Amino acid sequence: MALPINREHPAMLPTARQRSETPCHGTAPALTLDFDTMTPVFGGNRVVDCGDTGGDLVNGDHNRDAIRETTRTILAAGSMPVLLGGDDSVPIPFIEGYGEHTRKLCVVQIDAHIDWRDEVNGVTHGFSSTMRRASEMDHVTSIIQIGARGPGSARQSDLTDAKAWGVHFFTGRDVHSNGVQPAIDAIPEGSDVVLAIDVDGIDPSVVPGVILPAFGGLSYQQMLDIIHGIAAKARIVGADFVEYVPEKDPTGSGAQAIARLASNVIACRS
């Protein structure tokens, strides 16, 4: 697991992952049945913590290079990267790292915001531009965006551009009204899928530790249904979980939820 954690934040996500997979009565995690997946924890897959990547508070180019190269290295080893931490600009180099691995990548974003700004105050690789930058990558051939709701930085022109590119949008209201299946149906059959998960896409009752809580987000069960629905139709080749703020999650329950979702992603690796 590549773990870019902000220096100002304790590394709570990997700690929560360890706690969430620690079984009762001394049973080895690899042998413990996970009732979310009906398999052993992690689906029997081997998990390696690759440590922190990036973390330079003033050199964004260095951080992006480190994330991109770490992603490439993990993929070249035949493994699936799962990235935990950082802000919502982190998926840009993460997705770039797949350029030599696949030529037809489907990005499924779960986020309260659509992130299609071309720039904000002159910054083109910030957290409001993630999906627009992804759309410019030759190996990204489809984008599904799930969970948008409320106001954010997006303008009408950003939504127009995204739809013109071919993005399939399923807002938070859409998911609550119609379920997750329409979003699953939009994913190309048999495609390689990267899950780009800004944890503010999840309802704040589940993950309170975010910068801007947006009510009406996805439930934990809806998140599981999305993950397992994708795995049944396509091949999950990686995931990132970003925008977690430990200071706003005093009980650590949000970190536990994120760790459980990451475990489900890993269990879905074929």
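A short reminder: the numbers here are calculations on the coordinates, not readings from a lab. All values derive from a computational prediction rather than experimental measurement. Please note: Cβ atoms are built from the backbone with ideal geometry, for glycine as well, and neighbour counts cover all protein chains shown.
Here are some notes:
- Gaussian network model of the chain, Cα within-10 Å springs - most flexible of VAL90, VAL242, VAL175: VAL175
- Mean projected area of the Cα convex hull of the chain, taken over all directions, amounts to 13.4 nm².
- Packing-based exposure ordering (other Cβ within 10 Å, fewest first) of LEU212, LEU224, LEU195: LEU212, LEU224, LEU195
- Solvent-free Debye scattering, log10 I(q)/I(0), computed from the Cα coordinates of the range 113-210 at q = 0.13, 0.19 Å⁻¹: -0.48, -1.04
- For the range 127-270, the convex hull drawn through the C-alpha positions has a volume of 106 cubic angstrom per residue.
- Percentage relative contact order, the range 12-267, counting C-alpha pairs under 8 Å, at least six apart: 23
- A Stokes-Einstein calculation at 25 °C with viscosity 0.890 mPa s, built on the Kirkwood radius of the range 159-242 over Cα pairs, returns a diffusion coefficient of 178 µm²/s.
- Listed by chain and number, the lysines placed with their C-alpha closer than 27 angstrom to that of LYS233 are LYS104, LYS163; residues fewer than eight positions away on the same chain are left out.
- DSSP beta bridges confined to the chain are antiparallel in about 10 percent of cases.
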